[in-house]
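**Q** Quick one: this structure, given as structure tokens, is what I'll be asking you about.
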Amino acid sequence: MVSNNSSSFGTIIKCWSCHFATSLAQDPCQGNPCTNGGKCVTIAPTVFSCSCPVGFTGTYCQTDIDECASSPCQNGGICTDQVGGYFCVCRQNFSGPECQNALTIDPCQSNPCLNGGTCLAAGPTSLVCVCDVGYTGNYCQTDIDECASSPCQNGGICTDEVASFSCYCPSSFLGKYCEHDIDECLSSPCQHGGTCVDEVGGFSCVCPLQFSGPACQQAVRVPDITSKLLEGSNSSLTVNCSFPGTPVGQVQTLLSLIVTRKPLTYRPGDEESELASIHIEHPTQVNLLAPGATTPAPTVITAKPSGTAAPSNTTGHINPILGSVLSLTWLSPNSTEEGIYGCVARGLDSLGHLVTLTSSRLVKRSSDLDRFRNSLDQVRQTLEQSQSCCASLNQRLASLEWTYTRQALALAHIEKNTVLAPYEEYLTHKYYTSLYPVRRFTTAQAVCDALGGYLAEIGGSGENQAVIDILKHGPKPLFPAYFLGGQDLIQENQWIWVNSNTRMNFTSWIPGQPDNLANEDCLEIWPSHWKWNDIACKRIAVDRGFLCEVL
């Protein structure tokens, strides 16, 4: 729309539809009012308009248009405004006027993964390294230390290697982890019939009474006791307590020999009686004997007690070179001679200190039981000397041992309180702790059976703790272990309670047990841990106690 207003200066033209209006009467484009290259166009005698070049706007083309205002640059490109346009500075791997084109560059082209790692492109600019065994890190640059977990056992020294490790084991162990204890008993190091016990990093020898030393290599002088029973019209019983002359042992100078006896029904702590003794009348004379002398030293023999229990005849001598002996003889022996006999040697060691040595015990019962025991010993000796164990011989031995134990109880009229400690109760069950040792599971089993019970069976944690308390407060000293009534003889690692023939629903094993080392198929409990261990059912080298359970 255009309106006219008159004035003394002429006509003023107002134009709302035009870019510019002026009241000047001359050519409105005179002097080119348009800037930045704008072109002036006369619309009417007094009206003009500016035609602006690309990139400018405004009445006089005075305003530069910001082409970056619409953010035309893609993929993170930086926009730079220019006259009549814009320019995009693109990020790496992008191109095009607006950075719209992604460059196809392989990020794995430079092989960035180290130590044999495999590079996988995860995008135009990202990658993932799949490391070879033994390496880690974004670029597989770190060697994994396989020794960090301390895989070497038993003091082995670990050496880290590429994707592996090696263990330098102590001399007593082998295996990748030094986990296997070398059985030092395989070389049979124990001499003179000693029993080898393999230990961690070594071995120990259980030596016969006449030998000592780490390998039972040293002969020693020890007391010994033997007996001879003559039957018939002139029956007699002779007990010999002897002590050898050479070789030299712990006792350098023997002063006396003593024969002791205690009843079959003894209990630990009971005193044993002295039956007879022989001692040197003047001990200083022993040292006056010339080397190689064989003349016995003057001695004094004493027999105790008097009466019917005294031996009929007592003889003996002490000789430091040829050996010494004390002999007791009973004519027409009867039940009063039953008992457990011992031989005690007393003397001086190389420093002049008093030393007392006691022999293993000799048990004398009735002649019927003696004959039965001799039969048992013959079978055992035959079995031990055999290179290959015969199954039938094993069965015969086990049968004899079972029968022998039952007959021993019957012949000696032993009652519960002479074999076992006074019972303790738990949930109406009675538990009897053994007072004397056994070395076979079957022997312990037979004693419990003969007394109307069975080897203890543990049904849960409460009963297990009760058994531990009973043994802790039982007879002292404690045995190294106590037999319980469990076995896995029928199927390995399938442990059952023998008397009830039921599977165990509770166990309390020592860590690492059961390990079935050397066919260990019977159950025992160790006071050192108050935990369970598997042990061989056959004859073992160390005494065991046992626990009977009676309903």
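The values are calculated or read from the model by the stated rules, or taken from the named source; none is laboratory data. These figures come from a predicted structure and were not determined experimentally. Counting neighbours? That spans all protein chains shown, and the Cβs are built from the backbone with ideal geometry, glycine included. All accessible areas refer to the heavy atoms of the entire protein, side chains included, with ligands and DNA or RNA removed. Shrake-Rupley method; radii C 1.70, N 1.55, O 1.52, S 1.80 Å.
**Q** Keeping to the stretch 92-114, report how many residues are among the charged types (D, E, K, R) and surrounded by 14 or more Cβ atoms within 10 Å (Cβ to Cβ).
**A** 1
**Q** Is there a residue in the stretch 79-88 that is among the aliphatic types (A, V, I, L, M) and either within 24 Å of Phe165 (Cβ to Cβ) or open to solvent by 70 Å² or more (accessible area, probe 1.4 Å) (or both)?
**A** Checked the stretch 79-88: at least one residue is among the aliphatic types (A, V, I, L, M) and either within 24 Å of Phe165 (Cβ to Cβ) or open to solvent by 70 Å² or more (accessible area, probe 1.4 Å) (or both).
**Q** List every residue pair whose Cβ atoms sit under 7 Å apart, with the two residues 6 or more apart in sequence or on different chains, where the first one lies in the stretch 248-268 and is in a strand (DSSP E or B) and the second, anywhere, is open to solvent by 30 Å² or more (accessible area, probe 1.4 Å) and at pLDDT below 75.
**A** Thr253/Pro320; Leu254/Pro320; Leu255/Pro283; Lys262/Asp270
**Q** Looking only at the stretch 160-173, count how many residues are modelled with pLDDT of 85 or more and open to solvent by 70 Å² or more (accessible area, probe 1.4 Å).
**A** 2
**Q** Limited to the stretch 180-197, what total is found for residues that are within 26 Å of the chain's Cα centre (by Cα), under 23 Å from Asp543 (Cβ atoms) and open to solvent by 60 Å² or more (accessible area, probe 1.4 Å)?
**A** Going through the stretch 180-197 one residue at a time, the tally reaches 1.
**Q** Filtering the stretch 117-132 down to residues that are open to solvent by 60 Å² or more (accessible area, probe 1.4 Å) and not hydroxyl-bearing (Ser, Thr, Tyr), which residue is farthest from Cys88 (Cα to Cα)?
**A** Asp132
**Q** Within the stretch 432-445, does at least one residue satisfy the condition of being assigned to a loop (DSSP other than H, G, I, E, B) and either within 25 Å of the chain's Cα centre (by Cα) or among the polar types (S, T, N, Q) (or both)?
**A** The answer is no, given that none of the residues of the stretch 432-445 is assigned to a loop (DSSP other than H, G, I, E, B) and either within 25 Å of the chain's Cα centre (by Cα) or among the polar types (S, T, N, Q) (or both).
**Q** Search the stretch 256-282 for residues being modelled with pLDDT of 70 or more and small (Gly, Ala, Ser), and hand back the single one that is farthest from Lys304 (Cα to Cα).
**A** Ser256
**Q** Return the only residue of Ala481, Ala456 being of a type in the set (A, V, I, L, M), under 24 Å from the mean Cα position of the chain (by Cα), open to solvent by less than 30 Å² (accessible area, probe 1.4 Å) and modelled with pLDDT of 90 or more.
**A** Only one candidate qualifies: Ala481.
**Q** Restricting attention to the stretch 94-104, does a residue exist that is part of a loop (DSSP other than H, G, I, E, B), over 30 Å from Glu67 (Cβ atoms) and modelled with pLDDT of 80 or more?
**A** The answer is no; no qualifying residue exists.
**Q** Can you work out which of the residues in the stretch 22-64 that are assigned to a strand (DSSP E or B) and aliphatic (A, V, I, L, M) is least open to solvent (accessible area, probe 1.4 Å)?
**A** This residue is Val47.
**Q** Then there is this: Starting from residues that are in a strand (DSSP E or B) and surrounded by fewer than 18 Cβ atoms within 10 Å (Cβ to Cβ), keep the ones in the stretch 326-339 and report whichever is nearest to the chain's Cα centre (by Cα).
**A** Once the filter is applied, the top-ranked residue is Thr329.
**Q** Restricting attention to the stretch 503-551, report how many residues are aromatic (Phe, Trp, Tyr) and in contact (Cβ under 8 Å) with a residue 60 or more places away in the chain.
**A** Final tally of qualifying residues: 2.
**Q** When you go through Val128, Val133 one by one, which is the residue that is assigned to a strand (DSSP E or B) and of a type in the set (Val, Ile, Thr)?
**A** Val128
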